[in-house]
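In what follows, a structure is listed as structure tokens, so that the remarks can point back to it.
The values are calculated or read from the model by the stated rules, or taken from the named source; none is laboratory data. Just so it is clear, the model here is predicted, and its values are computed rather than measured. FYI the Cβ positions are ideal-geometry reconstructions off the backbone, even for glycines, and counts take in every protein chain you see.
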Amino acid sequence: MTRHHAHEARQQVSDVAGPTLRIDPSVCDGVGICAHLAPDLIALDSWGYPIIDDHVLVRKRQQRQANAAVSACPKKALFISG
């Protein structure tokens, strides 16, 4: 598979998959507010940095939690893609 085809395949999967909660780890400073606001989506590692699985936000509760975490992030490290 060429690099171009691999990119297209990833893009198609992400387009079909739907919105997911993402993090830019280079911006995050490990405050941890996000894990309190989105406990169904975010865990914290031993240093207080978020661990986020790539789950599609299909339930309203997940979407509400993700939106709250994104809005409250002091460094704006969280975002929703898709």
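The set of residues in the stretch 28-73 being in contact (Cβ under 8 Å) with a residue 24 or more places away in the chain and acidic (Asp, Glu) consists of ASP29, ASP40, ASP54. Counting the residues of the stretch 34-51 that are modelled with pLDDT under 95 and not in a loop (DSSP other than H, G, I, E, B) gives 0. Filtered by the rule that a residue be part of a loop (DSSP other than H, G, I, E, B) and of a type outside the set (Asp, Glu), the stretch 52-82 gives HIS55, LEU57, VAL58, ARG59, CYS73, PRO74, LYS75, LYS76, ALA77, GLY82.
Total residues in the stretch 32-82 satisfying the condition of being acidic (Asp, Glu), closer than 18 Å to ALA17 by Cβ and out of contact with any Lys or Arg (no Cβ under 9 Å at 6 or more places or on another chain): the figure is 1.
When the stretch 45-60 is filtered for residues that are surrounded by 15 or more Cβ atoms within 10 Å (Cβ to Cβ) and touching a helix residue (DSSP H, G or I) at 6+ places or on another chain (Cβ under 9 Å), the ones remaining, listed by number, are PRO50, ILE52, HIS55, LEU57.
Determine, yes or no, whether VAL16 is assigned to a helix (DSSP H, G or I), over 13 Å from the mean Cα position of the chain (by Cα), modelled with pLDDT under 95 and not polar (S, T, N, Q). So VAL16 passes the test.
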